[in-house]
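The values are calculated or read from the model by the stated rules, or taken from the named source; none is laboratory data. Note that the structure is predicted; figures quoted are calculated from it, not measured. FYI the Cβ positions are ideal-geometry reconstructions off the backbone, even for glycines, and counts take in every protein chain you see.
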Amino acid sequence: MANTPMTPSETAWRGGVQALERRNYKESISLFQQAIEQERQEGAKNPKMKLISYLGLALTLSQGKSEEGLKLCEQAVKREFFDPDLYCNLGIVYLRHRMMAPAFEAFQKGLNLKPGHVRILDELEKYDRRGEPVFTFLPRGHLLNRMAGRVRYRLRVLFDGAAAQQT
């Protein structure tokens, strides 16, 4: 089986992903836009949703929050709801918008499509650092658990800081 050469749009997309991994967001945005334009020149009526999703992710990461990036990622998932990468990008964008419940829902949908999805698992590991509720007989969101959890957190920070200074 011969290696088929990559199209210019694929080359630009891969370059965009690499730039995104290096956190060079301006370059990644430019490359994703270039990939979309290349696809049109290659005869595609509509760009691949993966390109749209990654452009949305890059816009959001470059700006911290981006309504346009959010809309692009949501659009991509609506049109190609079978791609776990799109759910991963959407989840990351939701997290940047401090929309935790939709983010974890997006990650879960992605994992339902591909259970071992590495990027989704990495994202979940970053954000799942909460301990058990202080009062396990009460819901996590109960006022007592929230307040006691904050006190416990501050005490840990205080004692961990004190222990670090003694060593």
**Prompt:** Do the conditions hold for residue 116, that is, is it in a loop (DSSP other than H, G, I, E, B) and of a type outside the set (Phe, Trp, Tyr)?
**Reply:** yes
**Request:** Select from the range 17-57 the residues that are more than 21 Å from residue 106 (Cα to Cα) and of a type in the set (Phe, Trp, Tyr) and write down the one among them that is surrounded by the fewest Cβ atoms within 10 Å (Cβ to Cβ).
**Result:** 25
**Asked** Which condition number in (1) modelled with pLDDT of 95 or more; (2) farther than 20 Å from residue 122 by Cα is the one that residue 39 fails?
**Response** (1)
**Asked** Which one is modelled with the lowest pLDDT among residues in the range 79-108 that are farther than 22 Å from residue 62 by Cβ and either hydrophobic (A, V, I, L, M, F, W, C) or crowded, with 17+ Cβ neighbours inside 10 Å (or both)?
**Response** 101
